Amino acid sequence: MSEHLSSEEQRLDQAEPTKPISDMQKYRSLIGHMICESLGYFTPQSALRAVQSHRDGEPFACEWYSHIATCQGKRMFDRETLIEVNRATIERAFRRREHHAGYMAEYQQAKALVDREIADQGSTSGMLASWF
């Protein structure tokens, strides 16, 4: 079967499958801080996807990032803009991590959500953002 695949398809076919829970464990603190930085816009899973997209050099499209892009006078789904908005958001979440406390930015609450998702995959998927 692999003889019918392009070299890129063969590479992807042989790649290790995505391990969302192991990535969530690896980036646990950052994911919690991303939830706080977004003031609850991100769920544990969407924050994980944003971090994975950054790691992989891919854009992450969501309403919040598209809004930021348009406020910068750029197109909503411009690839390079979305990559930059994601990078800047992750950087901000990291730099402001000591200030994530209080209304809609409580790190302990965000961390508890991430831990719950790690312990029981999918348990937070039905939750709406903005503080669940």
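The values are calculated or read from the model by the stated rules, or taken from the named source; none is laboratory data. All figures in this text were calculated on a predicted structure; none of them were measured in a lab. Please note: Cβ atoms are built from the backbone with ideal geometry, for glycine as well, and neighbour counts cover all protein chains shown.
Somewhere in the stretch 80-103, is a residue modelled with pLDDT under 95 and in contact with a Cys (Cβ under 6 Å, 6 or more places away or on another chain)?
yes
Of everything in the stretch 70-105, what is among the hydrophobic types (A, V, I, L, M, F, W, C) and either within 14 Å of residue 38 (Cβ to Cβ) or touching a residue at least 60 places away in the same chain (Cβ under 8 Å) (or both)? Give them in sequence order. Spell out the reasoning first.
Step one: filter the stretch 70-105 for residues among the hydrophobic types (A, V, I, L, M, F, W, C), giving 71, 76-77, 82-83, 85, 88, 90, 93-94, 101, 104-105.
Of everything in the stretch 70-105, those that are among the hydrophobic types (A, V, I, L, M, F, W, C) and either within 14 Å of residue 38 (Cβ to Cβ) or touching a residue at least 60 places away in the same chain (Cβ under 8 Å) (or both) turn out to be 85, 88, 90, 93, 94, 104, 105.
For the stretch 80-96, enumerate the residues that are within 16 Å of the chain's Cα centre (by Cα) and of a type outside the set (Val, Ile, Thr).
82, 84, 86, 87, 88, 91, 92, 93, 94
Tell me, please, whether a residue that is aromatic (Phe, Trp, Tyr) and modelled with pLDDT of 95 or more can be found in the stretch 48-63.
Of the stretch 48-63, the ones aromatic (Phe, Trp, Tyr) are 60.
Then keep just the ones that are modelled with pLDDT of 95 or more; that gives 60.
Checked the stretch 48-63: at least one residue is aromatic (Phe, Trp, Tyr) and modelled with pLDDT of 95 or more.
Check off (1) assigned to a loop (DSSP other than H, G, I, E, B); (2) at negative phi for residue 113 and give me the number that stays unchecked.
(1)
How many of the residues in the stretch 5-20 are surrounded by 13 or more Cβ atoms within 10 Å (Cβ to Cβ) and either modelled with pLDDT of 50 or more or within 16 Å of residue 54 (Cα to Cα) (or both)? Spell out the reasoning first.
Going through the stretch 5-20, the residues surrounded by 13 or more Cβ atoms within 10 Å (Cβ to Cβ) turn out to be 5, 10, 20.
If we keep only those that are either modelled with pLDDT of 50 or more or within 16 Å of residue 54 (Cα to Cα) (or both) too, we end up with 20.
Count: 1.
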